[in-house]
Amino acid sequence: MDARFRSQYGAIVKGSREAVAVWGAVILGLGAVEVLGLAVPFLHSIVGALAVAAFLYVPVRYLERRGQDARDAGWRFDRLKADLAWSLGTSAVVLPLFAAAFFVFTAWLDHLPTALRTLLAPYRGSAHLRMPALTLDLAGQLAGNAAVALAEEFFYRGYMTLRFEEEWTPLKSALIAAALFALGHLLEPAPWRLAVFFPALWFAWLRSRTGTVIGASIAHFLSNVWLLLLERSAY
C-alpha cells in the first residue's frame, strides 16, 4: 500500500465518519433542546427553526474545511429546468398514488385496536373527506415546510450523500442517508415517523438524476404540503 493510496483511503474513511459524526452531533443537540423545551416552552417553539439553521450552517462549515462549498453538495440553480421537470413530473405520478393509498390506509386504521393504531399513524377517529380550510395557520405551515424541505435536502441528500459517495456506491449512500433521515425524525418519538425512509429514496433518485438538491427539495416540499392537505381534508 503506497503513501498515495493510504492518503486517499484515510480521506475516504474520514468522510463517512465525519458525516455520521456531524449527523449525531446535530440530532443530539436538537434532542437536548427538545428535552429542555419540556420545561421551557419557548425552546420547544423554536426547535424547528434551530433544525433549519443547523442543517444549513453546519454542513457548510465542514465543507469549507476541505476547500469545498455548498455548490459541491448540490446547492446550485444552474440546472433548474431539469430540476423542475423531474420533480414536478415525478410528483404528478407519485402524489396521486399516495393520496389513494392514504385513504385506503386510514379506512383500514378504523378496524384496528387503538394500541396498534398509535404505532402506525397519529390519526384519531374516522376519516371524513372535506375541503381543508385556508387559514393563516395553514399558510405559515406551508412557508415553514419550504424552509424545512430545502434545509433537510441540503443536509441529507447534499452534504451527507456527498461524503458517503466518497466511499460507497450511490445506492448504498442513498439507503444509509435515508435511514439516518428516518432516525432523525424520531426527535418526536413515534414509530410511524420512520416511514419517511421511503420518500427519502425518491428524493435521493432526484438528486442523482440532476446532480443538485433543488429538484429533491421541490419534491420534498410538495410531498409535505400534499400530506398536510390530505390530513386536513380527512381529520
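The values are calculated or read from the model by the stated rules, or taken from the named source; none is laboratory data. In this text the structure is predicted, and so the values were computed from the model without any measurement. Note that we place each Cβ from the backbone using ideal geometry, even for glycine, and neighbour counts take in every protein chain shown. Note: accessible area is taken over every heavy atom of the protein model, side chains too, but ligands, DNA and RNA are not part of it. Shrake-Rupley method; radii C 1.70, N 1.55, O 1.52, S 1.80 Å.
Going by the conditions given, is Arg65 free of Cβ contacts under 8 Å to residues at least 40 places away in the same chain and charged (D, E, K, R)? Steps first, please.
Working: free of Cβ contacts under 8 Å to residues at least 40 places away in the same chain: yes; charged (D, E, K, R): yes.
Answer is yes for this residue.
For region 62-72, what are the residues that are open to solvent by 70 Å² or more (accessible area, probe 1.4 Å), more than 15 Å from Gly15 (Cβ to Cβ) and in a helix (DSSP H, G or I)?
Once the filter is applied, which keeps residues that are open to solvent by 70 Å² or more (accessible area, probe 1.4 Å), more than 15 Å from Gly15 (Cβ to Cβ) and in a helix (DSSP H, G or I), region 62-72 yields only Arg71.
When you check Val33 against the structure, is it part of a helix (DSSP H, G or I) and modelled with pLDDT of 95 or more, yes or no? I'd like the intermediate steps shown before the answer.
Working: part of a helix (DSSP H, G or I): yes; modelled with pLDDT of 95 or more: yes.
Yes: the conditions hold for Val33.
Considering region 127-140 alone, what residues qualify as being in contact with a Lys or Arg (Cβ under 9 Å, 6 or more places away or on another chain), of a type in the set (A, V, I, L, M) and open to solvent by less than 40 Å² (accessible area, probe 1.4 Å)?
Of everything in region 127-140, just one residue is in contact with a Lys or Arg (Cβ under 9 Å, 6 or more places away or on another chain), of a type in the set (A, V, I, L, M) and open to solvent by less than 40 Å² (accessible area, probe 1.4 Å), namely Leu138.
Give me the residue from region 182-217 that is of a type in the set (Phe, Trp, Tyr) and within 10 Å of the chain's Cα centre (by Cα) and, out of that set, farthest from Gly158 (Cα to Cα). Step through it out loud before you land on a result.
Of all residues in region 182-217, those of a type in the set (Phe, Trp, Tyr) come to 192, 197-198, 202-203, 205.
Among the residues that remain, those that are also within 10 Å of the chain's Cα centre (by Cα) are: 197, 203.
Working: Phe197: 16, Phe203: 11 Å.
So the residue we want is Phe197.
Restricting attention to region 76-103, which residues are of a type in the set (Lys, Arg) and open to solvent by less than 60 Å² (accessible area, probe 1.4 Å)?
First, pick out the residues of region 76-103 that are of a type in the set (Lys, Arg): 76, 79, 81.
Result: Arg76, single match.
Select, from Arg124, Arg117, the only residue that is open to solvent by 80 Å² or more (accessible area, probe 1.4 Å), within 29 Å of Ala234 (Cα to Cα) and either modelled with pLDDT of 95 or more or out of contact with any Phe, Trp or Tyr (no Cβ under 7 Å at 6 or more places or on another chain) (or both). Give the steps one after another, and end with the answer.
On the way: Arg117 fails: open to solvent by 80 Å² or more (accessible area, probe 1.4 Å).
The conditions single out Arg124.
Within region 129-138, can one find any residue that is assigned to a helix (DSSP H, G or I) and touching a residue at least 60 places away in the same chain (Cβ under 8 Å)?
For region 129-138, residues assigned to a helix (DSSP H, G or I) and touching a residue at least 60 places away in the same chain (Cβ under 8 Å): present.
Would you check which residues across region 141-155 are surrounded by 13 or more Cβ atoms within 10 Å (Cβ to Cβ) and small (Gly, Ala, Ser) and list them? Let's see the steps before the verdict.
We begin by selecting, within region 141-155, every residue surrounded by 13 or more Cβ atoms within 10 Å (Cβ to Cβ); these are 141-142, 144-155.
Selection gives Gly144, Ala146, Ala147, Ala149, Ala151.
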